[in-house]
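For reference, the structure is listed below as structure tokens.
Any read-out appearing in this document is the output of simple, stated calculations on the displayed coordinates, not a laboratory observation. Because the structure is predicted, anything quoted here is derived from the model rather than measured. Every residue, glycine among them, receives a Cβ derived from its backbone with ideal geometry; neighbour counts consider all protein chains shown.
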Amino acid sequence: MPFFSLLKSDIGLKRFAPAVALVYPSLVWYTLVYKLFSSLIDGLSLPVTSSFALYGVYYAGFGLSALLGASLFPRSREKYLLVWMVLGALATVLLTSVEFSSFPVNLFFCFFLGVSIGVGLPSSLAYFGDATHVETRGRCGGVIWSAIGFTVLGLALSMSALGSFETSILLMSWRIAGMLVFFLSSRMGEKLHSSPSTVSYRHVLSRRDVTLYLLPWVMFSLVNFMESPVLSKLFGDSQAFIGFVEFAIAGFFAIIGGVLADTVGRKRVVMMGFVILGIEYAVLSLFAGNSGSWLVYTVCDGIVWGMFASVFFMTIWGDLAQSGQMEKYYLIGGLPYLLAGFLPVLVKPYLSVVDTATAFSLASFFLFLAVLPLMYAPETLPENRIRDMELKKYVEKARKVKE
């Protein structure tokens, strides 16, 4: 089946359009507002303990509010999501005062920013899960993350020429525009109904299939963020350029990963991603000072980020949740990665005693190890869907041979 027919088939646009209008601008805003926030905090040149405190209250606000929002938002999801976006716009404006405020005031600003991101994130992803069908959820996630990758790339390049105040105004305007588009599209699109989940977190975590996907995802999150400062030290001034190239590659491979997830299954795509990750860190451990190894890392990492964003972040937790219980599954799946962002803050002060080759060797080992739980994990794409796709492929090949 041709690529573009695969991409557009069976996607209900009336259901999908409001989900795009919600998730796409929200994740772009989150990515860029955190970049602005971290640059402002790092620019204050505070003692290590003070930086720990500011980042700590941000992540505390993020995590606690996400737990609250996952329980509260399903009661009236669309109304609370609009309030969440207003909070985000307000928090973005408050960032303009960080450079001129006292430390206690900045603690409040950081906590409020964490709340303005975390409280609605599980429900926004759950909205996507409810708006998509299991058979097409991968490519839907791929389309959204492809748009996110290229948009973040373009806006980040634009922001590099702006000051912090202008950047804050730009991101506030983006957040408000996203809110208006979501409001209009949700009124015109198909109405999605949500209700508070009666499933407990203990029940979710006790499920074997959830655990087998969660363990490698947690391991990836820990390795990714613990290695981040080491990579920054290695790449030096090239770090920004490598990041831009990765975003472009990830934007392209997000769609490919999503389509593959809907044809050959999520499990194969995820396992392939972990193998590629293990290889890229193994190459860095052996040839860290070689620019060729940097190229291998950049290409491989961009490919994996694209595949993981569309499949691991957007798709698998919705598959496991099925219908009506999305928030808690997306919360459990999303928090390990999002909260692991605190690890670079903890690792950075000790970079001088970290051996680069050893760090990359350990990363490669644990990433290859992460494949083991996946070997026993069940496929979340229905088997009949995989059989149908294989049969279609066989029929097409037979037709070509006959011709």
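Quick notes
- Looking across segment 84-117, the residues that are β-branched (V, I, T) and under 22 Å from the mean Cα position of the chain (by Cα) come down to V86, T92, V115, I117.
- The requirement of being of a type in the set (S, T, Y) and within 21 Å of the chain's Cα centre (by Cα) is satisfied by Y55.
- Any chance L320 is closer than 22 Å to G258 by Cα, in contact with a Ser or Thr (Cβ under 9 Å, 6 or more places away or on another chain) and of a type in the set (A, V, I, L, M): yes
- Considering residues of segment 59-77 that are in contact with a Leu (Cβ under 8 Å, 6 or more places away or on another chain) and under 16 Å from M326 (Cβ atoms) only, the residue surrounded by the fewest Cβ atoms within 10 Å (Cβ to Cβ): L67
- Qualifying residue in segment 339-360 (condition: in contact (Cβ under 8 Å) with a residue 24 or more places away in the chain and at positive phi): no
For every residue, the table says whether it meets (1) in contact (Cβ under 8 Å) with a residue 24 or more places away in the chain; (2) in contact with a Phe, Trp or Tyr (Cβ under 6 Å, 6 or more places away or on another chain); (3) buried (at least 20 other Cβ atoms within 10 Å of the Cβ); (4) farther than 24 Å from A359 by Cα.
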position	(1), (2), (3), (4)
G236	no, no, no, no
Q239	no, no, no, no
A248	yes, no, no, yes
G251	yes, yes, yes, yes
A261	yes, no, yes, yes
K267	yes, no, yes, yes
I276	yes, no, no, no
V283	no, no, yes, no
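- Selection count where residues are over 29 Å from K35 (Cα atoms) and part of a loop (DSSP other than H, G, I, E, B), scope segment 364-386: 6
- Number of positions in segment 16-50 that are surrounded by 18 or more Cβ atoms within 10 Å (Cβ to Cβ) and farther than 30 Å from V181 by Cβ: 1
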